[in-house]
1. Looking at (1) in a loop (DSSP other than H, G, I, E, B); (2) within 30 Å of Asp416 (Cβ to Cβ), which is the only condition Ser484 fails?
2. Need the failing condition index for Asn734 against (1) of a type outside the set (Gly, Ala, Ser); (2) open to solvent by less than 60 Å² (accessible area, probe 1.4 Å); (3) under 30 Å from Asn532 (Cβ atoms), just the number.
3. Could you please let me know if Val320 is touching a strand residue (DSSP E or B) at 6+ places or on another chain (Cβ under 8 Å) and within 24 Å of Asp147 (Cβ to Cβ)?
4. In this structure, is Leu505 surrounded by 21 or more Cβ atoms within 10 Å (Cβ to Cβ) and modelled with pLDDT of 90 or more?
5. Considering only segment 702-734, state which residues are at pLDDT 95 or above and of a type in the set (Val, Ile, Thr).
6. Could you check Leu400 against (1) within 23 Å of the chain's Cα centre (by Cα); (2) more than 30 Å from Pro431 (Cα to Cα) and say which number it fails?
7. Just for segment 420-434: of the residues that are over 27 Å from the mean Cα position of the chain (by Cα) and open to solvent by less than 40 Å² (accessible area, probe 1.4 Å), which one is nearest to Pro332 (Cα to Cα)?
8. When segment 697-735 is examined, which residues are found to be assigned to a loop (DSSP other than H, G, I, E, B) and touching a His at 6+ places or on another chain (Cβ under 7 Å)?
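The values are calculated or read from the model by the stated rules, or taken from the named source; none is laboratory data. From a predicted model like this one, the values you see are computed outputs, not experimental measurements. Here the Cβ is made from the backbone with ideal geometry for all residues, glycine too, and neighbour counts use every protein chain on show. Note: accessible area is taken over every heavy atom of the protein model, side chains too, but ligands, DNA and RNA are not part of it. Shrake-Rupley method; radii C 1.70, N 1.55, O 1.52, S 1.80 Å.
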Amino acid sequence: MGAKYFGASVPRREDPRLLRGEGRFVDDLKLPGLLHAAFVRSPHAHARITGLRTAAAAGRPGVVRVLTFTDLERWMKPLPLFGAIPAGLAARVQVSMKQVGQLAMCRDTARYVGEIVAMVVAGSRALAEDAAELVEVDYEPLPVVTDMVAAGEAASPVIHAEWGSNVALEFKTGFGDAETALRDADVRVRERFYVHRYVGMPLETRGVVAQWDARDGSLTTWNGTGLPAHKIRVIAPDVGGGFGTKATGYPEDLLIPAAAIACRRPVKWTEDRREHMMAAAHARHQIHDIEIGARRDGTMVAVRDRIWVDLGAYNSWGIVLPYNTVAHLLGPHRVPVLDVECRGVVTNKTPNAPYRGAGRPETVFAMDRIVDCLATALRMDPADLRRKNYLSAADLPYELDIPYRDGNRLIYDSGDFRANLESALEAIDYPALRREQAALRKKAVYRGIGISGYVEGTAIGPYEGATVRMDASGRAVVATGACSQGQGHETSFAQVAADALGVPLDWVTVVGGDTAAIPFGIGTFASRSAVNAGSSIHVAAGKVRDKLAEAAAALLEAAPADVEIVDGVASVRGAPGSGLPLARVIQGSLPTFAKPGAVSPDFEATVYHHQPTVTYTSAVHVAHVEVDTGTGAVKLLRYLVAHDCGKLINPTIVEGQIHGGVAQGIGGGLLEEMVYDEQGQLLTGTFMDYLVPTAMELPPIETVHLEYPSPRNPLGVKGIGEGGAISPPAALANAVEDALSPFGVRVTRAPLGPSTVLDLINAARAKGERAGGRP
């Protein structure tokens, strides 16, 4: 493959139209006769529905239909379930798992605040919302459980009666004899870490538009449905951020198309922010009881972890979040013995789903926090402890003796984790920061440095598709099932195709997220598009280039192997004067009245790249903070990422992905938290209570690129979409604890807002006073 565009920081082609306000999002769609939907949602976290009266709402002017479970019962099949246990995983790990598909509308029981009870369809959103308030629902409150540990106990109220308990998933895995290794360790450190609940919060909320055509029984929806595939066209327009939140199956995805069929008119629903915060998927939320053992020189000998995962009211994602957590626990560290037990439980809260990192930020928080705790116990610099235990390029490929989530062997394919660390420390000038820290402490200025590293399985398969075809003018159209949510696909995919075809970049148009353009696809999530869709585009474009070379060879009376295509011109190698524009090559292949074409005019190829297992991205993050011990405020001074994601298609886009992920991770580390009370009521359901970072809270994010190509795809690339969000909570927690080490503070959870930090300082002071010390 040529490298004219691949690896270049080409400006994003999407940006001009988006900056001009010319993007087309779901809420921009306006169809003739369009109706609008609003939902009646349960105000109770757990309640039996004993009565439902809709007459008052149905009688309101402008209301077309009020729809309940009974009205739509023929459509009320369970929502899709994800995360089945692959055979390769089941063969090595004994997993007990229960799943039940959520119904799109409550039949008789609501299991979390915000679950849909009824739907109103009217001429405007305002009319639908006003009418929804007139729907009368009788509820019989049921016992509520919100604590994940208590939910797993035998005495807990049960959310799904047919299960007999709230335990949705349990398994144990590992390698080596942890009991013996920990008993023989020179130093053992144990701690319980709490990973709080926070969410993706995309700028654009969810939305669905559906149009039913009674003439041929077809449905066009700007989201997913459940009709036979040949009767449905699904279109994903511009998407204002997804982050995993939009990758799950939602009740509204079924209800809006059902309403369009029932009303025989197009129907739109756009989620408001309050709905989004209570009903769109939540994320994170785990507890880790983790223990680590080491020799006195810092060599790690064993890790043992007991993990609880709060799944919310339904286990829609099966093995995904719990096993992602376990598979990524050790990260870049060489640890010869591992013992992990994991329990996933349901609670009366909004269901959880993968959000940028999907189990990795949680497990990295636990691991990097216990590593820093070990460094403290050993009186060792945290950077030196990591140097001692990080894997290097000479160690790779490196296998952990557990399977990956896809059932394949867990083998790190390429990278140099120690080089990531050294590059990060050098770029941030770690020794200088340590000298500065010591000098400032004499002036009662408390600064800290936090390090966090991860290894991330990216680009899970099994496939993604792409079609590449040429038109008569010599321009190329690329269609793929991996639709963009802001990742820059129109640019990076065009770079791959342009190089493979030998055409200028602006000759390539990329179409994503339209089943009329390509029928099969998996989608955009799990940092998979560059590897899966990119590889399909590369191979498909190569096939089309071969067809173009064959056609040009026939016209130029040369062998196809002697034809080269550069900048859209085909010529015989070594004879530049022989060049033919691709438009002439294609048109010369078309039959005329006088004769058939030179070759068959089939300048199109479709490829479904098979990706049997993941590629492994890695990075080290370093956070530099200052803590005001009077107010508890944490000021982020610098943030640096040294990362490897294989070959870079577009370094600028890669940096954008990293920066966006880091911003979300900083939000999780310092600001964001979904808080419930004991009755399952959401207490942080507005932006007054749920704080997201702005540019004011973020320093410039420094980036160091390392490239260790993956051998597992033809481009040598790895995924990068999620990595930025994985390490910030851990790096920030380590930095805050480091800053407050003179006080003896131990950080066991985030977010580290001012009140939390003050509580930590005061608790440490009180403990010191009781012990007769003076922190």
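1. (2)
2. The single condition Asn734 does not satisfy is (3).
3. Working: touching a strand residue (DSSP E or B) at 6+ places or on another chain (Cβ under 8 Å): no; within 24 Å of Asp147 (Cβ to Cβ): yes.
The answer is no for Val320.
4. On the way: surrounded by 21 or more Cβ atoms within 10 Å (Cβ to Cβ): no; modelled with pLDDT of 90 or more: yes.
No: the conditions fail for Leu505.
5. Thr703, Val704, Ile726
6. (1)
7. Pass one, segment 420-434, residues over 27 Å from the mean Cα position of the chain (by Cα): 422, 425-434.
Remaining after also requiring open to solvent by less than 40 Å² (accessible area, probe 1.4 Å): 425, 428, 430, 432-433.
Numbers: Leu425: 16, Ile428: 20, Tyr430: 20, Ala432: 25, Leu433: 24 Å.
Only one residue fits best here, namely Leu425.
8. Of segment 697-735, the ones assigned to a loop (DSSP other than H, G, I, E, B) are 698-700, 707-716, 718-722, 726-727.
Scanning segment 697-735 gives Pro714, Leu715, Ser727.
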